[in-house]
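Visitor: Attaching a single structure in C-alpha cells format; questions to follow.
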Amino acid sequence: MMLARVADSLYWLGRYAERAEHMARLAVVMLNATLDRTDAADQAARIALAAVARGAATEFADAQAAARVLALDRESAASVVASLASARENARQVRDQITTESWEQLNFLYLRATGIAAEAAFAADAPDFLQRIIADLHQFKGAAEATMSHGEGWRFMLTGVYIERAQLMAQLLKVCFGGGRGGPIDDHVAQVSLLRMACALEPYLRVYTADINARLILEFLMFDEDFPRSIRFSTERIQEYLAHLSAGRDLGRHDPLRLAGRLNARLTYADIDEVEGGGAGPLLAAVVEACIAVDKAIHETFVAYPIEMRLPA
Amino acid sequence: MFAPDGVTRAHYRLLDQDIHALGAQALADRQKTLERSFLLQGITFTVYGAGSATERIIPTDLFPRIIPAAEWAVIETGLIQRLKALNLFLADIYGEQKILADGIIPRDLILGCPAYRRQMKHLFVPHQAYVNVCGSDLVRGQDGAFFVLEDNLRVPSGVSYMLANRDASRRTFPNTFREAGVRPVERYPDLLLSTLKSMAERPDAQVVVLTPGVYNAAYYEHAYLARLMGVPLVEGRDLTAHDNRVYMRTTAGLRPVDVIYRRVDDDFTDPLAFRHESSLGVAGLFNAYRAGQVVICNAPGTGVADDKAVYAYVPSIIRYYLDEDAILPNVKTFLCRESAQLSHVLANLDKLVVKAVGASGGYGMLVGPHASKAEREAFAEALKADPENYVAQPTIQISTAPCLMDGHIEPRHVDLRPFILSGEKVVVTPGALTRVALRRGSLVVNSSQGGGSKDTWVLAPSPAKLEAP
C-alpha cells in the first residue's frame, strides 16, 4: 500500500531513466557510425532519428548536430537531458520514498548533464559525454537495486522501465524491419549499428557467433528469453510485476494484468518464420499499442480511480 | 568565541586548536567538500528569478558555535516556560478569553489580528497543545545573556539544516567533536513523531506530513522529515475528506489519516474554511478536525501568538498564566498603536528597528541606523498612515561568531533557533540552527535575504573535559 501519486511518480521515474539511457545510446552509436563516412553510416543515423520519430537526417547539418538535438535539446521531450530532468523531477516528488544512495546518484548525474559545463563537454567529446551518462544511469539502477526495498514502489518503478523498454525497442525494430520504405536493413555496418543501439552486440555474438543477419537479429531482439533488452524479456517482467501489484485486489474494468498477460503470451508463443513471412510490422505495431494500453490501464487502476469505489469498508 | 580581552573562551579552546592545526588550505578543502555534499543531497532552496528558478544551497559555515551546559540549561527552561504559557494563552483566547476580560491585552489587538482564526473558537485541542513545533529566534546581547527576538509558532522551518549541519561539522572536526561531549540532535525526528502521535487517541495513529509540493522553498525539509519519521509525504491532492474523516489515496484505495503535520499555512489547508480560491488544501479537512476525527499540527490560528505586536505582551502572558517571571527576556518593544510610543518612535527613527507587524522573513523593515535620510522619511510617512501595523525596537548589538569567509576567518552576526516540541510533553532538542548574516556588519540572518547557517554544539554538563592543557 502506498500513495497513488507516489506510485505514479516512481513508475515515471523508471520510464524516464530508461528513455534517457536509450536516447544516449542511439546518439553514441550514430556518432560512432558516422566516423566511417559510408552510406551505411548515413543509414545508421537515419535509423536512430526515425526511431525517435524525428525527420530525416538531412534536416541536420551533420551527425554531431543531430546528436546534439538527441542529447541536449531541452525543448525536445525525448532528448537525453529532458528525460533526465523529468526522471529527477519525479524522484524529487518522491524523495521520501527512494533511498539516499539512489537519489544522490541520480541527482549527481542530472547536475552534471545539465550544468554549465555540459555544453562544452559535449562539444569537446560527445561520445565520451554520452557514455558517461549511460554509465551513471547504470550506477543509479545499481544503487537502487542494492539499497531500495524490492516492494511495491520498486515494482512500480521497474514496470515503468520495462514498458518503456519494450516500446522503444519495438519502435527501433519497426524502423528497421517494419516494411517501410527501403525494406529491411541488409548492410553489415547498419546491422551492427542496430545491435549496438540495442546494447545487444556482445550478447548476440555469444548466441549466434559472428553470423549477423536480419532474421537472427529480429529473433534475438524480439524473442530471446534471457537478453534483458529483448521485447519478450520486457513483457515477461511487466506481467510478473503487475501480477504482484494486483494480487488480492479487485482491478475493476481496466485490468492492466490481463492486457500485459495477453501481450506476453503473444511474444512467448510467436514463431519467427511466421513473423518473417508476413513482415514484423504488424506484431511490432501491436507491441507499441499494447504498451500504451497497459500504461493507461495502470493509471486508471492504481492512480486515477474514482473515489466512491474505493472507500474502506 | 573570544572573551572581551581576546582570550579564547574555555569551551572553544579545543576547537581553536583544531582550526589552527588544520590550516587554511585544509579548511578551504573541507568547505568545498561540504558544499558539494549539500548540493548532491539536494539540500537546496529554490530562488525564483526572472522566468527561471535555480536551486541554491544555503551557505553553511564550517565552524560550529558552542554553547556550554549551564547556558543551555537557562535557554531550555526559558523556552519550555514560554511555550507552555503561549499554549495556555491560545487555549484561552480560543476559549473563554479571560485574559482579554481581565484587560491584560487589548481585545482589539487579538480579535483584529490577521492571524486570529475565529473558526478555532471552542475547538478541542488535545493537551491544549496548539503549537506542537516551535522554532523561537534568540539572540545574545552585549551583556552575554540570551533573549527572545521572535516566536515562530506557525510552520517554523530549518530543523533539517540543524541535522545536516551536524553531519557536516562532525566530519570536519571529528576529534574536537569526540572530546567535547556534544549532546546529540539526531533524535529529533523520533521525538517529533512521538509528539505527533501523542496528539491522537489511538497509539497506532497514521501520521502524514503535508507539503505544498516540490516548488516550495522548504520541500527538501518536508521530504527529509517524512523519510526520517517513516511516514507518507502527502500533498493536498493526495487527501480527501468524506463524512468528516480524512483519507489518503493509495494504490489500494483510500486509507484513513489521523494526524497531519502540515507544512502549509493556515490559509491553504482547507478552501472551505479558509481561503476559498486556494487549490492546495483539502476541502472538508477543517470540519473533520472540528469533529475530532483528525488532528492538524500546528493548530490553525497559532499565528496570533507570534504576532509582532502581541510579542510585546509575552512577559505579561507568562506572568498571567504561570505566575512566574519570564526566564528569557524580550527585546524592549514600542507599539506604534499607542500614540505616546509612536511619537517616541518617530523622534528616534535613526536609532530604532521598525518592523511591519504582518511581515516576516526580513521584509518590510527599516533598520534605522543603516538607513538613509530619505528612507527614514518615507518610512515615517508609512508609520503615520498606519501606526497599528508597526512596532519598533532598539537596535541590539547582537553577538558575532567567527566564520570562514573566502579563506579568512571573520566575525559575523548570528542568532539562534532552537526547536521545541509540545504534545503530551514539552521537549527541547539540545541543539539549534545558528543563522549567520553573511554580509559583514549586516544584522539580517534570513535565508531569503542572504543568510547562512552553522552547526550549534550544546555541551553535556561536564565542562572539565573541554579545558585543553
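Visitor: Can you find, within the range B:289-320, the residue that is surrounded by the fewest Cβ atoms within 10 Å (Cβ to Cβ) among those that are out of contact with any Phe, Trp or Tyr (no Cβ under 6 Å at 6 or more places or on another chain) and of a type in the set (Val, Ile, Thr)?
Guide: Among residues in the range B:289-320 that are out of contact with any Phe, Trp or Tyr (no Cβ under 6 Å at 6 or more places or on another chain) and of a type in the set (Val, Ile, Thr), the one surrounded by the fewest Cβ atoms within 10 Å (Cβ to Cβ) is B:VAL314.
Visitor: Considering only the range B:432-443, state which residues are within 19 Å of B:ILE57 (Cβ to Cβ) and either at pLDDT below 75 or over 17 Å from the mean Cα position of the chain (by Cα) (or both). Full working, then the answer.
Guide: We begin by selecting, within the range B:432-443, every residue within 19 Å of B:ILE57 (Cβ to Cβ); these are B:433-439.
Within the range B:432-443, B:LEU438, B:ARG439 qualify.
Visitor: Here are the criteria: (1) under 19 Å from the mean Cα position of the chain (by Cα); (2) hydrophobic (A, V, I, L, M, F, W, C); (3) surrounded by fewer than 22 Cβ atoms within 10 Å (Cβ to Cβ); (4) closer than 22 Å to B:ASP307 by Cα. Tell me which single one B:LEU421 does not satisfy.
Guide: Only one criterion is unmet by B:LEU421, namely (3).
Visitor: So B:VAL259 clears everything in (1) more than 14 Å from every other protein chain (Cβ to nearest Cβ); (2) in contact (Cβ under 8 Å) with a residue 24 or more places away in the chain; (3) in contact with a Gly (Cβ under 9 Å, 6 or more places away or on another chain) except one condition, right? Which one?
Guide: Condition (3) is where B:VAL259 drops out.
Visitor: OK, next. Would you pick out the residues in the range B:397-425 that are free of Cβ contacts under 8 Å to residues at least 24 places away in the same chain and either assigned to a loop (DSSP other than H, G, I, E, B) or charged (D, E, K, R) (or both)?
Guide: Residue satisfying the conditions is B:ASP406 alone.
Visitor: Something else now. Is it true that some residue in the range A:155-163 is farther than 30 Å from A:GLY279 by Cβ and in contact with a His (Cβ under 8 Å, 6 or more places away or on another chain)?
Guide: yes
Visitor: Picking from B:ARG290, B:ARG275, which residue would you name as being away from chain A (no Cβ under 14 Å), over 26 Å from the mean Cα position of the chain (by Cα) and more than 14 Å from B:LEU210 (Cα to Cα)? Let's see the steps before the verdict.
Guide: On the way: B:ARG275 fails: over 26 Å from the mean Cα position of the chain (by Cα).
The conditions single out B:ARG290.
Visitor: Could I ask something else about it? What pairs can you find where one residue is in the range B:203-225 and within 12 Å of chain A (Cβ to nearest Cβ) and surrounded by 22 or more Cβ atoms within 10 Å (Cβ to Cβ), the other is in a strand (DSSP E or B) and of a type in the set (Phe, Trp, Tyr), and their Cβ atoms are less than 6 Å apart, with a gap of 6+ or different chains?
Guide: B:VAL209/B:TYR261
Visitor: A further question on this structure: Take the conditions surrounded by 16 or more Cβ atoms within 10 Å (Cβ to Cβ), more than 14 Å from every other protein chain (Cβ to nearest Cβ) and touching a residue at least 60 places away in the same chain (Cβ under 8 Å) and apply them to A:TYR204. Does it pass?
Guide: Details: surrounded by 16 or more Cβ atoms within 10 Å (Cβ to Cβ): yes; more than 14 Å from every other protein chain (Cβ to nearest Cβ): yes; touching a residue at least 60 places away in the same chain (Cβ under 8 Å): no.
The answer is no for A:TYR204.
Visitor: Checking B:ILE296 against (1) without any contact (Cβ under 8 Å) to a residue 40 or more places away in the chain; (2) of a type in the set (A, V, I, L, M, F, W, C); (3) touching a helix residue (DSSP H, G or I) at 6+ places or on another chain (Cβ under 6 Å); (4) within 14 Å of chain A (Cβ to nearest Cβ), which test does it fail?
Guide: (4)
Results for (1) over 21 Å from B:TYR313 (Cβ atoms); (2) buried (at least 19 other Cβ atoms within 10 Å of the Cβ); (3) more than 24 Å from the chain's Cα centre (by Cα), shown as yes or no for each residue.
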| residue | (1), (2), (3) |
| --- | --- |
| B:ASP61 | yes, yes, no |
| B:ALA69 | yes, no, no |
| B:TRP72 | yes, yes, no |
| B:ILE75 | yes, yes, no |
| B:ASN87 | no, yes, no |
| B:ILE99 | no, yes, yes |
| B:ILE104 | no, no, yes |
| B:ILE110 | no, yes, no |
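Each row is one residue, and each column tells you yes or no for (1) more than 30 Å from B:THR44 (Cβ to Cβ); (2) of a type in the set (A, V, I, L, M, F, W, C); (3) modelled with pLDDT under 75.
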position: A:ARG46; (1), (2), (3): yes, no, no
position: A:ALA51; (1), (2), (3): yes, yes, yes
position: A:THR58; (1), (2), (3): yes, no, yes
position: A:ASP73; (1), (2), (3): no, no, no
position: A:VAL80; (1), (2), (3): no, yes, no
position: A:ARG112; (1), (2), (3): no, no, no
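Visitor: Another question, if that's okay. Can you name the helices (runs of 4 or more DSSP H) wholly within the range A:59-176 that have at least 1 residues being within 13 Å of chain B (Cβ to nearest Cβ) and surrounded by fewer than 23 Cβ atoms within 10 Å (Cβ to Cβ)?
Guide: Values: elements: A:63-72, A:80-93, A:100-114, A:118-124, A:126-147.
Helices (runs of 4 or more DSSP H) meeting the threshold: A:80-93, A:100-114, A:126-147.
Visitor: Just checking, how many residues over the range B:236-256 are more than 10 Å from chain A (Cβ to nearest Cβ) and among the hydroxyl-bearing types (Ser, Thr, Tyr)?
Guide: Matching residues across the range B:236-256 total 0.
Visitor: Suppose we filter the range B:357-394 for residues that are modelled with pLDDT of 85 or more and in a strand (DSSP E or B); how many remain?
Guide: Summing the residues that are modelled with pLDDT of 85 or more and in a strand (DSSP E or B) in the range B:357-394 gives 5.
The values are calculated or read from the model by the stated rules, or taken from the named source; none is laboratory data. No experiment lies behind these values; they were computed from the predicted model shown. Cβ atoms come from the backbone with ideal geometry, glycine included; neighbour counts cover every protein chain shown.
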